[in-house]
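Working notes, structure below.
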Amino acid sequence: MKNKLKFWIVLSLVLTFAAGVLGGIFGERFLMEKRMAGRAGRPGPFPSLEKMAKDLGLSAEQQERIKNIFQKNEERFKELNGDLHRKLQAIREQLKAEIDSVLTPEQKKKMEEMIERYRTRGKRGSGDRYPNRNKQEREKGEKK
């Protein structure tokens, strides 16, 4: 009877271990497939001129012409980026004005403080990113 009990205990442990291994393998495959499927719709970066020259067998003249095309379009991208930033700034200002029309003067002041904290939060060395931690904890974190 003791041997039977030992056998069932060992068998149950082996089966539990095997189920864990199989679950881990299939679980990871399932998760990885989901992650990769999410990336499939996004194009990668455009190939560099060097890669294009190698893969397409471009002549020196073709490389020079394509380089000029890239430079010309770089200026257009910069212009577009500037326009985009100006439009976003205008939308932010309009949004803030609409919100300010709803707030009391005290709330507006607090809102300005919130905005300022948000702006300085991302800058290195400015503002306290961890206001709830005491000085010793911050120093300990900086040493790591």
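The values are calculated or read from the model by the stated rules, or taken from the named source; none is laboratory data. Values in this document were obtained by computation on a predicted structure and should not be read as measured data. Cβ atoms come from the backbone with ideal geometry, glycine included; neighbour counts cover every protein chain shown.
For every residue, the table says whether it meets (1) surrounded by 10 or more Cβ atoms within 10 Å (Cβ to Cβ); (2) part of a helix (DSSP H, G or I); (3) β-branched (Val, Ile, Thr); (4) modelled with pLDDT of 85 or more.
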site	(1), (2), (3), (4)
Val10	yes, yes, yes, yes
Pro43	no, no, no, no
Ala53	yes, yes, no, yes
Lys67	yes, yes, no, yes
All-but-one check, Phe26 against (1) under 27 Å from the mean Cα position of the chain (by Cα); (2) modelled with pLDDT of 85 or more, failing number (2)
Against the definition (at positive phi and at pLDDT below 90), how does Gly125 come out, yes or no? yes
